[in-house]
């Protein structure tokens, strides 16, 4: 027996699931397909190291969930959704046993980075402040349809440091880190 669907969403990550929820909420019959053994994408927690020790595989990604209206609009709390806000969002462990942890507290993060470079700690402070200042604009950008190339170009060229912003957006994370931080 074959079923028919109004929409097929390929990918059961958090974005695909969100899309499927909105389509379903609009009355459509939706099929979601994914090749991975579980759903959630960047919101997936799995046991990957030791038995009983569960890891958020993409801890950085969910930090932007607090900027989205989707959990509220879809009533996800009614289904058990809770955005956990740990003291330490994620850590990077180095081969020599060193560690940098990204804390909820900017000052704690600066101290963590500062163990390797005081200058880099202060660089982090400036970037964190920039994020806080731009938070509303970032949320609006993330929760809006993409602008046309013409509109994007007008926006970038109209900014005081527009071309620098464009260059920043096009960089890889490694390139950006190498440019702004001194310690490996």
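The values are calculated or read from the model by the stated rules, or taken from the named source; none is laboratory data. Model, not experiment: these values are computed from the prediction. Methodologically, a virtual Cβ is constructed for each residue, glycine included, from the backbone with ideal geometry; neighbour enumeration extends over all protein chains shown.
Side notes on the structure shown:
- When the range 1-31 is filtered for residues that are surrounded by fewer than 14 Cβ atoms within 10 Å (Cβ to Cβ), touching a strand residue (DSSP E or B) at 6+ places or on another chain (Cβ under 9 Å) and at pLDDT below 95, only 3 remains.
- Long-range neighbours under 6 Å by Cβ, at least six apart or interchain, first residue under 21 Å from residue 137 (Cα atoms) within the range 165-176, second at pLDDT below 90 and surrounded by 13 or more Cβ atoms within 10 Å (Cβ to Cβ): 166/156
- One residue stands out among those in the range 63-80 that are surrounded by 11 or more Cβ atoms within 10 Å (Cβ to Cβ), assigned to a helix (DSSP H, G or I) and more than 18 Å from the chain's Cα centre (by Cα): the one that is modelled with the lowest pLDDT, which is 76.
- Tally, over the range 94-109, of residues that are out of contact with any strand residue (DSSP E or B) (no Cβ under 9 Å at 6 or more places or on another chain) and either part of a helix (DSSP H, G or I) or surrounded by 13 or more Cβ atoms within 10 Å (Cβ to Cβ) (or both): 2
- Residues within the range 110-152 that are surrounded by fewer than 16 Cβ atoms within 10 Å (Cβ to Cβ) and either closer than 30 Å to residue 19 by Cβ or in contact (Cβ under 8 Å) with a residue 60 or more places away in the chain (or both), tallied: 23
- In the range 32-53, residue farthest from the chain's Cα centre (by Cα) [restricted to those that are surrounded by 11 or more Cβ atoms within 10 Å (Cβ to Cβ), modelled with pLDDT of 80 or more and not in a loop (DSSP other than H, G, I, E, B)]: 32
- Yes/no for residue 60 being out of contact with any helix residue (DSSP H, G or I) (no Cβ under 8 Å at 6 or more places or on another chain) and modelled with pLDDT under 90: yes
- Subset of the range 81-93 that is without any contact (Cβ under 8 Å) to a residue 12 or more places away in the chain and assigned to a loop (DSSP other than H, G, I, E, B) - its residue that is surrounded by the most Cβ atoms within 10 Å (Cβ to Cβ): 81
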